[in-house]
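See structure below.
The values are calculated or read from the model by the stated rules, or taken from the named source; none is laboratory data. On a predicted model such as this, the values are computed, not experimentally measured, just so you know. All Cβ positions, even for glycine, are placed from backbone atoms using ideal geometry, and neighbour counts span all protein chains on display.
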Amino acid sequence: MSETLKIVIPMAGWGTRMRPHTWSKPKPLVSVAGKTSLEHLLDMFQTLPDPQNAEYIFVLGPYLGEMQIPPFIKERYPNMKAHYVTQHEMKGQSHALWLAREHLRGPMIMCFSDTLMETDFSFLAAEKADGAAWVMPVEDPRRFGVAELGNDGWVTRFIEKPQDKENNLVVVGCYYFKSAEQLLAAIEEQMQRGVMLKNEYFLTDAISIMIKNGAKIRTERINSWLDTGTIEATLETNKILLNRIQPAAPNLLGVKIIPPVSLAPDAQIEDSVIGPHVSIGAGCQIRGAVISDSVIESQTVIENAALNHSLIGRACRVSATSKNTPASLNIGDNSGVTF
């Protein structure tokens, strides 16, 4: 693949299912397993045939996205070729790509910001199809979109929220297109015809228009798909990633570590039991605590508290009068809780 690959990551949504954390930061900057979910997503693209020959287009929401994503990328990925587009109206995925059209030529990938999957993108070096949709079989596909295949194995159409479980090939939110121009032509037709669902232009409808116009779209199956779109999903993803990564557990005097855990090197932990499945961010201070199955974001102070299945934002203060009963907390940045 000699042409520059364009990777579009739409992240303009309000993140309502991740509140209160998304009141103060975009959803992709919520931490999980020692990194932001955005960093885990960008790690996936290291398997591209030529990861250095890629340009990223981030479709941001107004306010939080515009304020926080560009400086984050500049700090963490100073050599990344990045462009930023703001989606002021939430009109769907196709609309997000249409706003980014000035940056889209040649081969491209579109991947949702909360889709983490195990895949190897190296096959794109020899890909012949007009497009590919990553899919995974699930037991109950009825709350997702599915890909319908013809007898020849090519995708015939996509179905949003099917009524039955017969077709369980769920589309996970990552797509490859050999020609961005071909996709944009389908999106233009979609918008001219007003093909919408609940006032949004869905990308699957645009791809169905491509197929109708002769494009050959195939599926790429995966076996692992993680989600960071809700509090429950984020905690489950934290658990799965820590099991997979198995970070080295430091030996801290007076602290019992039950792996797997991810502890920032500068976190100060005293007289505590940490783990399993705990991520503690930079600059945290943990004293006299018992914490399991939780994500604690940076600069947070926890004293004399027992926490389980909790997601604690940045720069919080959490304390308790008793550690007898573990609490399950979900609190956003800069909050204080005593229980």
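Listed values, structure above:
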quantity	calculated
Output for the stretch 75-92, where each listed residue is within 18 Å of the chain's Cα centre (by Cα) and either assigned to a helix (DSSP H, G or I) or outside the structural domain of residue 40 (by TED's automatic domain parsing) (or both)	76
Residue identified as more than 18 Å from the chain's Cα centre (by Cα), part of a strand (DSSP E or B) and on the phi < 0 side of the Ramachandran plot among 132, 125	132
Search result, residues across the stretch 119-143 that are in contact with a Pro (Cβ under 8 Å, 6 or more places away or on another chain) and over 18 Å from residue 215 (Cβ atoms)	121, 122, 125, 141, 142
Options 72, 58: the member that is modelled with pLDDT of 95 or more and within 14 Å of the chain's Cα centre (by Cα)	58
Residue that is modelled with the lowest pLDDT [pool: residues in the stretch 206-228 that are outside any strand (DSSP E or B) and basic (Lys, Arg)]	212
Criterion: touching a residue at least 24 places away in the same chain (Cβ under 8 Å), closer than 14 Å to residue 34 by Cβ and among the hydroxyl-bearing types (Ser, Thr, Tyr) - qualifying residue of 335, 298, 292	298
Residue pairs meeting the criteria (Cβ under 9 Å; at least 6 apart or on separate chains; first free of Cβ contacts under 8 Å to residues at least 12 places away in the same chain, in the stretch 23-52; second hydroxyl-bearing (Ser, Thr, Tyr))	35/262; 35/279
Residues of the stretch 171-223 satisfying the condition of being among the acidic types (Asp, Glu) and either in contact with a Ser or Thr (Cβ under 6 Å, 6 or more places away or on another chain) or more than 25 Å from residue 102 (Cβ to Cβ) (or both)	220
Condition met for residue 262 (within 23 Å of residue 45 (Cβ to Cβ), in the same structural domain as residue 310 (by TED's automatic domain parsing) and not basic (Lys, Arg))	yes
Candidate set: the stretch 281-339, residues that are out of contact with any Cys (no Cβ under 9 Å at 6 or more places or on another chain) and of a type in the set (Asp, Glu); chosen: the one nearest to residue 16 (Cα to Cα)	293
In the stretch 191-205, residue surrounded by the fewest Cβ atoms within 10 Å (Cβ to Cβ) [restricted to those that are in a helix (DSSP H, G or I) and touching a residue at least 60 places away in the same chain (Cβ under 8 Å)]	191
Residue that is surrounded by 14 or more Cβ atoms within 10 Å (Cβ to Cβ) and either farther than 30 Å from residue 265 by Cβ or in the same structural domain as residue 183 (by TED's automatic domain parsing) (or both), where the choices are 140, 114	114
Any hit, the stretch 156-172, residues being assigned to a helix (DSSP H, G or I) and either of a type in the set (Phe, Trp, Tyr) or at pLDDT below 95 (or both)	no
Residue 318 surrounded by 17 or more Cβ atoms within 10 Å (Cβ to Cβ) and in a strand (DSSP E or B)	yes
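Table: residues versus (1) outside any loop (DSSP other than H, G, I, E, B); (2) under 14 Å from residue 114 (Cβ atoms); (3) not small (Gly, Ala, Ser).
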| residue | (1), (2), (3) |
| --- | --- |
| 10 | yes, yes, yes |
| 14 | no, yes, yes |
| 17 | yes, yes, yes |
| 55 | yes, no, yes |
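For (1) surrounded by fewer than 19 Cβ atoms within 10 Å (Cβ to Cβ); (2) farther than 25 Å from residue 140 by Cα, each residue gets a yes or a no:
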site: 178; (1), (2): no, yes
site: 184; (1), (2): no, yes
site: 207; (1), (2): no, no
site: 233; (1), (2): yes, no
site: 247; (1), (2): yes, yes
